[in-house]
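Read-outs: derived from the displayed coordinates by stated rules, not from any lab. Note that the structure is predicted; figures quoted are calculated from it, not measured. Heads up, the Cβs are rebuilt from the backbone with ideal geometry, glycines too, and the neighbour counts pull from every protein chain shown.
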Amino acid sequence: MKFNKDQIQRAVLLGMVSVGCLYYYSAEMLGPLSLRADRATKETGELEKKINEAKPKIAHSAAVEAGDVNAAAAREAYAVMQSSIPSSDPIAWFPTRLTEFFIKAGISKQNFRCNPDPAEPKFPGFKTSCWMIELPGVDFATLGKALAALENQEGLIQITNLQIEAAVKEPDRHHAQLTVTTLVKSDK
């Protein structure tokens, strides 16, 4: 069987197209996949290295927790702390929360000012938010009950400063100013 010139040209053309398709497949489709595979292998190696570095720390933490009788209570307190603090910015929820609290306590007027945040606390993942609250025209008994209830209901709020000024015109009404700090979730 002899091949004529036309069949030879078709075979050569078919061979060239096959080589082109094979090149395209290897260069354009397998090339990026091999780069991804290399990158994934490198990242896996880095993650394995970090995991191997973390294993002794985890074992040490587990040993400390096993020897601590208060570990379960600390975990429970941490869970309560996590659930009671909203994850948004404190300016969005703190004044609203305390306004509702003071209205329930019988104090209708409050003014809130956010002070600069003090130094970072010792709790990782949290920061301290400092607020100045002015309570104009409040009687002493209502103020005392409200502050006692505030400390009892809001365990993460700490009153750091309290000033009470008696009004000259109304001796039963006072102007109170308190500075409170609370833990909020950190953005970091």
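Over all other residues within a Cβ to Cβ distance under 15 Å of H60, the charged ones net out to -1, with Lys and Arg as +1 and Asp and Glu as -1. The modelled label-to-label distance between S108 and Q9, using points 7 Å beyond Cα along the C-beta direction, is 10.1 nm. Round to the nearest 0.05 the FRET efficiency obtained for V80 and E170 when R0 = 35 Å and r is the Cβ-Cβ distance. Taking R0 as 35 Å, the efficiency between V80 and E170 is 0.30.
Charging the Cβ of each Asp and Glu at -1 and of each Lys and Arg at +1, and nothing else, the dipole of the chain about its Cα centre rounds to 960 debye. By the beta-carbon count within 10 Å of each Cβ, the least crowded to most crowded order of F101, F3, fewest first, is F3, F101.
Evaluate the relative contact order of segment 94-187 (contact order divided by residue number), counting alpha-carbon pairs under 8 angstrom at least 6 apart; express in whole percent. Don't skip to the end; give the middle numbers.
Numbers: 154 pairs, mean separation 28.8, N = 94.
Once divided by the residue count of segment 94-187, the mean separation gives 31 percent.
In the chain, helices alone account for a calculated mean residue ellipticity at 222 nm of -18500 deg cm²/dmol, with every DSSP H run of four or more residues adding -39,500 (n - 2.57). Taking the Cα centre of the chain as the origin and placing charges on Cβ (Lys, Arg +1; Asp, Glu -1), which of S108, T179, W131 is farthest toward the positive end of the dipole? It is W131, whose Cα lies furthest towards the positive end.
Quick check on segment 42-81: take the gyration tensor over C-alpha atoms, sort the square-rooted eigenvalues as a ≥ b ≥ c, and tell me if it's rounded (a/c under 1.5), prolate or oblate. Oblate shape, in that a/c is at least 1.5 and b/c is the bigger or equal ratio. The 3J(HN,Hα) values that the Karplus relation (6.51, -1.76, 1.60; θ = phi - 60°) gives for segment 105-110 are, in residue order, 7, x, 10, 8, 10, 9 Hz. Gly and Pro appear as x. What the Cβ-Cβ distance of T128 and E53 gives, at R0 = 30 Å and to the nearest 0.05, is a FRET efficiency of 0.45.
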